[in-house]
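Here the structure is laid out as structure tokens; the discussion comes afterwards.
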Amino acid sequence: MKSKNEMWLVVNKIIKIINDHKLLLLSIVYLSTRLFNLTLLPIFNDEAIYLDWGYKEISTGNLFLSLFDGKQPLIMWLFGLTQLIIKDPLCAGRLVSVFFGLLTLIGLWLLTVKLFNKKIALLTGIFYITCPLMLFYDRQALMESSQATIGVWSLYWLVRFYQTKHNLFALYLGITLGLGFFIKSTTLIFALSISLLAVIFSRKQKSIDRRKWFVGIAMSGLAALGILLPLLVQKKFWLSWTMNNRYTLDLSQIMSLPFAIWGHNLTGLAEISFWQMTPWLTILGFVGVALLIYQKKDNQFFLGIWILFNLLILLIINRNMSARYVMPFLPMLIITSVWVLELIYKSKPVIGAVIIGIGLIVNSFLSWRLIFQPVYFLKNLQQVTTYSQYENYVSNWTSGFAVLPALDYIQEITNGNKAFVGVRLDSGNPESAIFVYLNRNHKLLPVYFDDQLFQSIQKGIDCIVSDIPFYYISRDRQMAGMDRFLQEIKRFAKPEDLSSIGIYQFKPNCEGNTFYIES
């Protein structure tokens, strides 16, 4: 009897520890899902570009290099800094997104506790961790994970300011939005939503509190401007601002009421959220949004408005919908879906428990598949949705497959000796990826080899030779106008053989006028 009592004491103690440290345990589970097999899926086209920019910005001091393509540089700086610390550049970049995903998880917990309760916060955290869409982008060296963080925390700081009237929370709000825009212009959508909520909140204030409210909002704006000042004084920023028109509609296009584009965006949003967030989270999430707005409960009502307004802006301004563009706006939908699950559980415990159980089992399986078999996960996703990105990540030229095998082959044949590795004057895969992996390599020296850079040798030159071995890596069979000097020695096909990477060297025993490349 005594031993049984002692056993129950131990069990109760363990339960108490779990209850007292839910967020810590969630964070541990989160990290286990994000860090394992982090680089199993090869470097994606845009990852290669961002990692290359980041390293060059940090190593050369040209901190605003990415502005030439209309991209704000803050996330690039983080990619560059982590590459100086961690040997594997892809792992270094993806760890940045893992970190932001952890911040998103913590923000979801804190916000849900303030708006609902710890039970809903716990289940929200679990579903966030196992949600395939969140899992995928928390493991990519892209901007989406950080933008999701900005969205969650900006709403949290606004709610806290509304509840307490402490200007410190208003200051945090401005800093968050400023940092978010320093990463990507998507933050402007969050800022518009925050502004709408600020107007709604102001109407609910007493006259004496209303003055505090407007002072706080003004502080937020000044804090954001202060954070953004180094960016706003850059001439390149204003010159490149119109590049956003590649992805968004301008005001005149919106005023022309492009219903065809909006309809396509709406179906895209539905398809992406349904298949990649999973159907139950999507359906229950939107039901929750509708209920929150209908019931008009203080604080909770604003969560529904925030989600709806963000998605509405996204639908109106986007040229084309994609999973990347949608992802930052969907974490909050997990909160509303879990809230609906709690309502179901309270009225029909068995049905609620079954839905929660099935949801967790299926989400956990999908997460396992994405971590251990990402190619098969994307292939299966391709069978149900056109937004799977299977081609981009696996079979097309944007895929990172064949990049590392090509470099391994060159390392093998050079036997640790110095060699040039040339690519055409372009960005993406494999061009940017070659620089990413060789930027800190003292033996294999990445260089651009393109007729745009060698105009002077195109006339009257028959051969090119180098004092150290030279290897050219091609995207498919694109030779940058230098094909008459090169011959193929090896080719690496990507899955499904739709794209490949070729390795070339200078033609031997060439006769005629010769151009010499010196190391």
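Structure summary
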quantity: 3 or more residues modelled with pLDDT of 95 or more: qualifying helices (runs of 4 or more DSSP H) within the stretch 1-75; calculated: 22-35, 45-60
quantity: Failed condition for Phe181, given (1) over 19 Å from the mean Cα position of the chain (by Cα); (2) within 30 Å of Leu67 (Cβ to Cβ); (3) not aliphatic (A, V, I, L, M); calculated: (1)
quantity: All positions within the stretch 493-515 that are among the hydrophobic types (A, V, I, L, M, F, W, C), buried (at least 17 other Cβ atoms within 10 Å of the Cβ) and assigned to a loop (DSSP other than H, G, I, E, B); calculated: none
quantity: Helices (runs of 4 or more DSSP H) lying entirely in the stretch 369-466 (those with 2 or more residues that are touching a residue at least 40 places away in the same chain (Cβ under 8 Å) and closer than 22 Å to Gln505 by Cβ); calculated: 403-414, 431-438
quantity: Residue within the stretch 131-144 that is assigned by TED's automatic domain parsing to the domain that holds Val340 and either basic (Lys, Arg) or more than 17 Å from the chain's Cα centre (by Cα) (or both) present; calculated: yes
quantity: Of residues in the stretch 87-126 being modelled with pLDDT under 95 and in a loop (DSSP other than H, G, I, E, B), the one farthest from Trp153 (Cα to Cα); calculated: Lys87
quantity: Qualifying residue in the stretch 148-162 (condition: over 17 Å from the mean Cα position of the chain (by Cα) and free of Cβ contacts under 8 Å to residues at least 40 places away in the same chain); calculated: yes
quantity: Failed condition for Leu425, given (1) assigned by TED's automatic domain parsing to the domain that holds Leu90; (2) touching a strand residue (DSSP E or B) at 6+ places or on another chain (Cβ under 7 Å); (3) among the aliphatic types (A, V, I, L, M); calculated: (1)
quantity: Number of the condition not met by Ser146 [criteria: (1) crowded, with 20+ Cβ neighbours inside 10 Å; (2) of a type in the set (S, T, N, Q); (3) over 30 Å from Val215 (Cα atoms)]; calculated: (3)
quantity: From the options Leu444, Leu438, residue that is surrounded by 17 or more Cβ atoms within 10 Å (Cβ to Cβ) and at pLDDT below 95; calculated: Leu444
quantity: Filter result for Asp46 (within 17 Å of Ser145 (Cβ to Cβ), out of contact with any helix residue (DSSP H, G or I) (no Cβ under 8 Å at 6 or more places or on another chain), touching a residue at least 40 places away in the same chain (Cβ under 8 Å) and charged (D, E, K, R)); calculated: yes
quantity: Residue match in the stretch 457-469 (condition: buried (at least 21 other Cβ atoms within 10 Å of the Cβ), modelled with pLDDT of 90 or more and touching a strand residue (DSSP E or B) at 6+ places or on another chain (Cβ under 8 Å)); calculated: no
quantity: Positions within the stretch 467-491 being in a strand (DSSP E or B), within 35 Å of the chain's Cα centre (by Cα) and free of Cβ contacts under 8 Å to residues at least 60 places away in the same chain, in sequence order; calculated: Tyr472, Ser474, Arg491
quantity: Unique match (being surrounded by fewer than 21 Cβ atoms within 10 Å (Cβ to Cβ) and aliphatic (A, V, I, L, M)) among Leu425, Leu378; calculated: Leu425
quantity: Meets criteria (in the same structural domain as Ser367 (by TED's automatic domain parsing) and under 15 Å from the mean Cα position of the chain (by Cα)) for Ala92; calculated: yes
quantity: The stretch 13-41 residues that are farther than 20 Å from Ile106 by Cα, paired with ones that are modelled with pLDDT of 90 or more and not in a helix (DSSP H, G or I) (beta carbon under 8 Å, 6 or more apart); calculated: Leu38/Arg139; Thr39/Asp88; Leu41/Arg139; Leu41/Gly400
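The values are calculated or read from the model by the stated rules, or taken from the named source; none is laboratory data. Small disclaimer: the values here were computed from a predicted structure and weren't measured. Glycine gets a Cβ as well: all are built from the backbone with ideal geometry, and neighbour counts include every protein chain shown.
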